[in-house]
Amino acid sequence: MAQSITYTVNPGGNLRGEIRVPGDKSMSHRSIMLGSLAEGVTHVTGFLNAEDALATLQAFRAMGVEIEGPANGEVTIHGVGKHGLKQPKEPLYLGNSGTSMRLLCGLLSGQQFDSVLTGDKSLESRPMRRVTEPLALMGAKIETEVDGTAPLRIKGGVALKGIHYDLPMASAQVKSCLLLAGMYAEGQTSVTEPAPTRDHTERMLNGFSYPVKREGGKAMIDSKGSLKACDIDVPSDISSAAFFLVGASIAPDSDVTLKHVGINPTRTGVIDILRLMGANIEVMNERSVGGEPVADIRVRSSQLQGIDIPEELVPLAIDEFPVLFVAAACAEGQTRLTGAKELRVKESDRIQVMADGLQILGVDAQPTEDGMIINGSLIGGGEVDSHGDHRIAMAFSIAGLRASDTIVIRDCENVNTSFPEFRELATTLGLNLNSTS
Ligand code: S3P
């Protein structure tokens, strides 16, 4: 059992300085998965040394892949080729990581060996039918618990066949799961998404010379390709940068530059939403690194205004809503989020947990089935619970910048799943954050 960590944020302050936040989580997972299946040696730099990405790394080691590192963000993967994975001796424990479980579920459905995927309490309560049902249509044999949750017991040696699948929800995890299974299926596998979601799987597969075709919202793959090792430079995670984009916007007299941030257009909804609210964000030095757009981002204080968040931006900012709710609490007027039911099945029910915490702090926040209505309010102090959700813990830390009293946040150990350096970097910039266990 991990130690229980409590954050205490003293009110006020501002954020100033220049930092580089850790590597992108989505790309770090995928670099291990595809590097392992490649022929040759893949070098990764900027790898996220945090629990979720390490869960994926350990899973591939357990399947016989030799992986060196991470050391200073560098990882070397000795690829075993598309058919070179070995049966793990034990169930693969994936901690808190939904991406590891859903992507691996697709990949392992196409292997010759049986496997079992497990996770922590949060992960084992998250919906997995969204992947097991379409995989079953491809011929996969996967057992779940009666309510469709993990552990997932995946049968090997099954012949998969390609299907076309219209995704019922905008989910990059489900899309990626099916594309990875499609690498082992007879014929073509295609997936159409109802709205654009992050496309790192498609881009990285192409980077490994594996053909994936795109036609509008449809991605297509077949089993004919093979992966060739390559070098991957993982940019900083915009989802981690988001805490400082909001923090520097809401705290008076702030000026922060975030270096080398991934600005893939399927991830930049947080910038668009904050700009619609009146934030002062400059995207500088745009460049392309290994097929992914990267930039430095400067953000300065501004008086935010409440808005109706355009629904088409929801999948492009899906992980940033906890901290965007804090921005809304600091804005003048009302902010309304709709079309974001997916937030209820993340690491926690992010609609309920954020509404509960904001209300404790005196904010007028009303949860709805698929979003939230927040009226800009003064933020007070109090004790809130992150429910073991990393992004909730970090979002309430940022709220301290505009609070009138101390905020105590319980159950913060899972900040280590995505951003172990959060406290150190946040305090360097000026947040008054203490951590006790
Ligand atoms: C991710 C996709 C998103 C996101 C998650 C990472 C990925 O999940 O919330 O943190 O790496 O593919 P969904 O695809 O389920 O929305």
Considering region 182-204, residues that are more than 15 Å from the ligand (Cβ to nearest atom) and aliphatic (A, V, I, L, M), and then whichever is nearest to Arg30 (Cα to Cα), we arrive at Met183
When every residue in region 291-321 that is more than 16 Å from the ligand (Cβ to nearest atom) and acidic (Asp, Glu) is compared, the one surrounded by the most Cβ atoms within 10 Å (Cβ to Cβ) is Asp296
Among residues of region 15-31 being away from the ligand (no atom under 15 Å from the Cβ) and charged (D, E, K, R), the residue surrounded by the fewest Cβ atoms within 10 Å (Cβ to Cβ) is Glu18
Quick count over region 192-221, residues being assigned to a strand (DSSP E or B), of a type in the set (A, V, I, L, M) and within 17 Å of Thr266 (Cα to Cα), is 1
Of those in region 32-48 that are closer than 17 Å to Ala181 by Cα and touching a residue at least 60 places away in the same chain (Cβ under 8 Å), the residue surrounded by the most Cβ atoms within 10 Å (Cβ to Cβ) is Gly35
If we take region 371-414, then strands (runs of 3 or more DSSP E) inside it with 2 or more residues that are under 13 Å from Gly357 (Cα atoms) and charged (D, E, K, R) are 382-385
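For every residue, the table says whether it meets (1) surrounded by fewer than 19 Cβ atoms within 10 Å (Cβ to Cβ); (2) of a type outside the set (Ser, Thr, Tyr); (3) over 18 Å from the mean Cα position of the chain (by Cα); (4) assigned by TED's automatic domain parsing to the domain that holds Leu337.
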{"residue": "Ile351", "(1), (2), (3), (4)": "no, yes, no, yes"}
{"residue": "Ile379", "(1), (2), (3), (4)": "no, yes, yes, yes"}
{"residue": "Ala395", "(1), (2), (3), (4)": "no, yes, no, yes"}
{"residue": "Thr428", "(1), (2), (3), (4)": "yes, no, yes, yes"}
For region 222-235, the count of residues that are within 16 Å of the ligand (Cβ to nearest atom) and either farther than 22 Å from Ser171 by Cα or outside any loop (DSSP other than H, G, I, E, B) (or both) equals 1
A careful count of residues in region 135-160 that are under 22 Å from the mean Cα position of the chain (by Cα) and within 25 Å of His200 (Cβ to Cβ) gives 2
Query raised in the report: For Asp237, are the conditions met, namely being touching a strand residue (DSSP E or B) at 6+ places or on another chain (Cβ under 7 Å), under 22 Å from Asp24 (Cβ atoms) and not hydroxyl-bearing (Ser, Thr, Tyr)?
Result: yes
Among the residues in region 278-289, are any hydrophobic (A, V, I, L, M, F, W, C), in contact with a helix residue (DSSP H, G or I) (Cβ under 8 Å, 6 or more places away or on another chain) and crowded, with 23+ Cβ neighbours inside 10 Å? yes
Condition set among the aliphatic types (A, V, I, L, M) and assigned to a loop (DSSP other than H, G, I, E, B), scope region 236-284, selection nearest to Ala399 (Cα to Cα): answer is Ala251
Take Leu54 and decide whether it is within 13 Å of the ligand (Cβ to nearest atom), more than 23 Å from His164 (Cα to Cα), crowded, with 20+ Cβ neighbours inside 10 Å and of a type outside the set (Phe, Trp, Tyr). no
Of the residues in region 140-155 that are in contact (Cβ under 8 Å) with a residue 24 or more places away in the chain and among the small types (Gly, Ala, Ser), the one that is farthest from Ala185 (Cα to Cα) is Ala150
Filtering region 331-344 for residues that are surrounded by fewer than 24 Cβ atoms within 10 Å (Cβ to Cβ) and either among the basic types (Lys, Arg) or part of a helix (DSSP H, G or I) (or both) leaves a count of 4
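The values are calculated or read from the model by the stated rules, or taken from the named source; none is laboratory data. Worth saying up front: this structure is predicted, and the values here are computed from it rather than measured. Here Cβ is always computed from backbone atoms with ideal geometry, including for glycine, and neighbour counts include all displayed protein chains.
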